[in-house]
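Everything below concerns the one structure shown next.
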Protein chains: 2
Amino acid sequence: MVTIRDVAKKSGVSVATVSRVLNANGYVHEDTRKKVMAAVDELKYSPNEVARSLYKKKSKLVGLLLPDITNPFFPQLARGVEDEMQKGGYRILFGNSDENAEKELDYLNTFIQNNVVGIISATNNKAKNNYRDLSIPVVFLDRTSTDYPSVYADGKEGGRIAAEEIVKRGSKRITILKGPAHIQPAQDRFQGALEVLSQSNIDFHVMSTTSFAFEDAEKWAKELFATYPDTDGVLASNDIVATAVLHEALRLGKSIPVELQIIGFDDIPQSSLLFPSLSTIRQPAYEMGKEAAQLLVKIINQEKIHQQQVQLPVTFIDRNTTRKVDTNG
Amino acid sequence: MVTIRDVAKKSGVSVATVSRVLNANGYVHEDTRKKVMAAVDELKYSPNEVARSLYKKKSKLVGLLLPDITNPFFPQLARGVEDEMQKGGYRILFGNSDENAEKELDYLNTFIQNNVVGIISATNNKAKNNYRDLSIPVVFLDRTSTDYPSVYADGKEGGRIAAEEIVKRGSKRITILKGPAHIQPAQDRFQGALEVLSQSNIDFHVMSTTSFAFEDAEKWAKELFATYPDTDGVLASNDIVATAVLHEALRLGKSIPVELQIIGFDDIPQSSLLFPSLSTIRQPAYEMGKEAAQLLVKIINQEKIHQQQVQLPVTFIDRNTTRKVDTNG
DNA sequence: AACATATATGTAACCGTTTACACATTTAAG
DNA sequence: CTTAAATGTGTAAACGGTTACATATATGTT
């Protein structure tokens with residue numbers, strides 16, 4: 001390993017001067033600068049970030065904690081975070097929490113032990129006090145919070161829109177699939193939908209689900225049609241569940257969207273490739289990741305923050321699991 | 001921040017003793033150990049990994065470089081790697097390369113600068129010499145290599161199986177969608193399929209594609225049916241492309257699998273949720289990630305390695321875009 | 001010419017660990 | 001009872017950077 005001392009020796013100056021050249025601070029003569037840079041090139045020197053981090057008590061690392069990268073919604077988020085952080089010269093220390101408090105704490109610990117400059121967390125754990133006495137800035141992602149900086153999509157509005165759109169398109173016996181209780185965004189969606197439907201004169205059922213896993217989703221789907229066979233509209237808790245519902249409905253020979261309309265949530269990439277392609281409420285996942293990263297970088301740089309909470313808009317994506325709206329009605 | 005010095009002071013011993021307690025090496029009296037542990041608990045001390053890493057010249061960090069986490073095949077790999085590394089107490093420094101040599105080099109640099117103990121790379125870049133003079137162990141994942149440790153699925157065999165299965169099921173005018181030239185595994189699949197089809201007396205076409213992106217995939221699909229409208233069997237370069245083909249075929253009103261059979265590659269999670277669900281060649285992505293992590297950990301620990309190259313088997317997943325095989329014929 | 005200021009560079013302390021080495025005390029062995 | 005080995009602990013030097021401080025020279029100002 002070539003160190004700053006080797007560079008100093010080769011260029012005939014002190015380590016302090018080399019450091020000044022590398023960090024472009026303090027006075028250093030142009031000739032000296034060139035000599036040093038020549039030595040740097042020749043020796044292929046690149047500074048040890050660990051030593052830097054130790055002295056400065058700050059690394060160029062950012063902790064990213066997601067529930068599960070295997071859930072198709074999160075790669076987009078992760079990519080948004082990464083792309084933005086990359087620009088600022090930050091790198092990502094990554095972990096999956098599985099919404100498990102112990103794992104989460106474990107990762108927060110590693111983050112701290114590795115001197116990360118900031119943390120982006122998308123977990124929905126109740127154990128918020130894990131974050132309470134952190135001296136490192138945290139931004140929550142895909143999770144509402146009034147006391148922490150956070151970036152999220154307007155889930156409640158999404159729920160409202162979904163309900164309005166499915167009603168507008170003529171569903172009369174709607175089933176809302178309510179997502180896991182501990183996932184705040186899922187509850188927001190549900191509340192939004194509930195608000196609209198309860199103020200309408202439409203029949204509806206609520207069915208509670210406890211996970212977003214593929215395998216479970218197929219079970220809920222079967223159960224849904226067994227319990228409420230005359231349902232003609234489903235508001236799914238997310239696109240995975242919606243896909244399972246679609247799958248099951250087609251298996252049962254239902255004609256979509258004629259007999260049954262389905263609206264998902266998230267707009268994961270593969271939703272557009274289903275057949276029929278899935279109508280859904282789009283969350284701008286990539287942008288959410290970017291926004292979170294930008295917000296965190298601002299906080300790290302102690303810039304003035306206008307909005308601690310960034311709420312991004314959701315949009316209805318009108319594909320083929322919903323009927324065309326009757327413009328005469 | 002509470003340091004080892006604070007613990008030493010509180011427990012009335014030297015830092016060396018505290019260090020010995022924490023690392024359970026060297027002699028330390030049981031009473032002393034207890035005193036120290038009490039102080040550790042009381043002060044909620046947890047060692048600074050950066051300082052440790054600086055002295056030891058080794059961190060507990062592993063670099064993971066993937067082409068693009070947004071491609072649904074990679075989250076599984078990543079998760080396999082993470083779960084296994086987690087067990088060994090290692091954490092993940094993560095990056096997307098976009099198969100871009102500059103980004104790749106950039107990440108390798110950060111990995112080194114941060115004293116990672118090892119690297120897992122799933123990029124297919126030609127710039128192999130980036131890895132040539134690395135003093136850190138590297139395991140390649142989803143990428144064949146004779147001169148480096150690597151973990152991959154048997155792509156060629158997968159290609160063969162796909163071709164055999166589609167022929168066995170009666171397709172007569174087959175189109176092979178050949179994946180991007182620089183992606184080695186894609187070429188292996190293609191070679192396998194080509195081998196079988198060229199030895200058969202079945203008509204087939206080859207169509208070259210240059211990416212695995214969702215948006216592009218739909219273009220290839222349209223082009224495929226415009227160019228070869230009488231195709232009755234498609235061997236897709238992966239499940240994303242297969243999904244696009246399926247989508248387009250349904251849009252054109254083709255009956256699947258009666259008029260057209262499709263076999264994908266990878267078995268990404270959503271393939272089973274398509275309608276009709278996608279027949280495909282399964283790569284055990286999660287296991288591949290785990291294997292790569294295990295191999296890397298072994299190398300790090302200087303254990304004896306029996307096999308530098310780990311090839312995992314692929315399997316045909318017989319779903320509904322292929323016909324049932326005629327057991328009488 | 002005298003003095004202040006800007007420029008240029010080096011020395012050494014520091015960041016929070018680990019560990020080589022020194023030293024003291026106990027325990028074991030003969 | 002002597003001596004060697006095992007046990008227990010502390011001091012200080014690393015690890016590879018950054019920076020406060022000291023010092024020296026160059027430049028500018030009156």
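The values are calculated or read from the model by the stated rules, or taken from the named source; none is laboratory data. Quick caveat, the model's predicted, so the values are computed rather than measured. Using ideal geometry, Cβ is built from the backbone for each residue, glycine included, and neighbour counts are taken over all protein chains shown.
Going by what's in this entry, would A:I119 be described as modelled with pLDDT of 95 or more, part of a strand (DSSP E or B) and touching a Gly at 6+ places or on another chain (Cβ under 8 Å)?
It is true that A:I119 is modelled with pLDDT of 95 or more, part of a strand (DSSP E or B) and touching a Gly at 6+ places or on another chain (Cβ under 8 Å).
For the structure I just gave you, tell me whether B:A101 is more than 16 Å from DNA strand D (Cβ to nearest atom), away from chain A (no Cβ under 14 Å) and farther than 25 Å from A:L134 by Cβ.
For B:A101, the condition - more than 16 Å from DNA strand D (Cβ to nearest atom), away from chain A (no Cβ under 14 Å) and farther than 25 Å from A:L134 by Cβ - is met.
Here is a list: B:G264, B:G253. Which entry is in a loop (DSSP other than H, G, I, E, B) and within 14 Å of chain A (Cβ to nearest Cβ)?
Working: B:G264 fails: in a loop (DSSP other than H, G, I, E, B).
Among B:G264, B:G253, only B:G253 is in a loop (DSSP other than H, G, I, E, B) and within 14 Å of chain A (Cβ to nearest Cβ).
If the requirement is being under 30 Å from A:A285 (Cα atoms) and more than 12 Å from DNA strand D (Cβ to nearest atom), which of these qualifies: A:D31, A:D83?
Within the list A:D31, A:D83, the selection yields A:D83.
A:K57 passes all but one of (1) within 16 Å of DNA strand C (Cβ to nearest atom); (2) on the phi < 0 side of the Ramachandran plot; (3) under 34 Å from the mean Cα position of the chain (by Cα); (4) of a type outside the set (S, T, Y); which number fails?
All conditions are met except number (2).
Tell me yes or no: at least one residue of the stretch B:115-126 is over 23 Å from B:F265 (Cβ atoms) and within 11 Å of another protein chain (Cβ to nearest Cβ).
Looking for residues that are over 23 Å from B:F265 (Cβ atoms) and within 11 Å of another protein chain (Cβ to nearest Cβ), one finds at least one in the stretch B:115-126, hence yes.
Considering B:K178, B:K219, B:K156, which residue is of a type in the set (K, R) and at pLDDT below 95? First the steps, then the outcome.
Values: B:K178 fails: at pLDDT below 95; B:K156 fails: at pLDDT below 95.
Exactly one of B:K178, B:K219, B:K156 is of a type in the set (K, R) and at pLDDT below 95, namely B:K219.
Taking the options B:S53, B:S46, name whichever one is modelled with pLDDT of 95 or more, within 14 Å of chain A (Cβ to nearest Cβ) and within 11 Å of DNA strand D (Cβ to nearest atom).
On the way: B:S46 fails: within 11 Å of DNA strand D (Cβ to nearest atom).
Sole residue among the options that is modelled with pLDDT of 95 or more, within 14 Å of chain A (Cβ to nearest Cβ) and within 11 Å of DNA strand D (Cβ to nearest atom): B:S53.
Have a look at B:T32, B:T70 and point out the one that is under 30 Å from B:S211 (Cβ atoms) and hydroxyl-bearing (S, T, Y).
Working: B:T32 fails: under 30 Å from B:S211 (Cβ atoms).
Result of the check over B:T32, B:T70: B:T70.
How many of the residues making up the stretch A:56-83 are touching a residue at least 40 places away in the same chain (Cβ under 8 Å), crowded, with 23+ Cβ neighbours inside 10 Å and facing another protein chain (nearest Cβ under 7 Å)?
3
Name the residue, out of A:K290, A:K222, that is of a type outside the set (A, V, I, L, M) and over 16 Å from the mean Cα position of the chain (by Cα).
Going through A:K290, A:K222 in turn, just one is of a type outside the set (A, V, I, L, M) and over 16 Å from the mean Cα position of the chain (by Cα): A:K222.
For A:F111, are the conditions met, namely being assigned to a strand (DSSP E or B), of a type in the set (F, W, Y) and within 12 Å of chain B (Cβ to nearest Cβ)?
no
Give the residue that is surrounded by the most Cβ atoms within 10 Å (Cβ to Cβ), with candidates limited to residues of the stretch A:281-329 that are in contact with a Lys or Arg (Cβ under 7 Å, 6 or more places away or on another chain) and in a strand (DSSP E or B).
So the residue we want is A:I317.
Can you say whether B:Y148 is surrounded by fewer than 23 Cβ atoms within 10 Å (Cβ to Cβ) and aromatic (F, W, Y), as far as the supplied structure shows?
Criteria met by B:Y148.
Can you name every residue in the stretch B:2-38 that is within 26 Å of A:S135 (Cβ to Cβ), more than 9 Å from DNA strand C (Cβ to nearest atom) and polar (S, T, N, Q)?
If the condition is that a residue be within 26 Å of A:S135 (Cβ to Cβ), more than 9 Å from DNA strand C (Cβ to nearest atom) and polar (S, T, N, Q), then B:S11 is the only one that fits.
Please state which one of A:I176, A:I166 is aliphatic (A, V, I, L, M) and outside any helix (DSSP H, G or I).
A:I176
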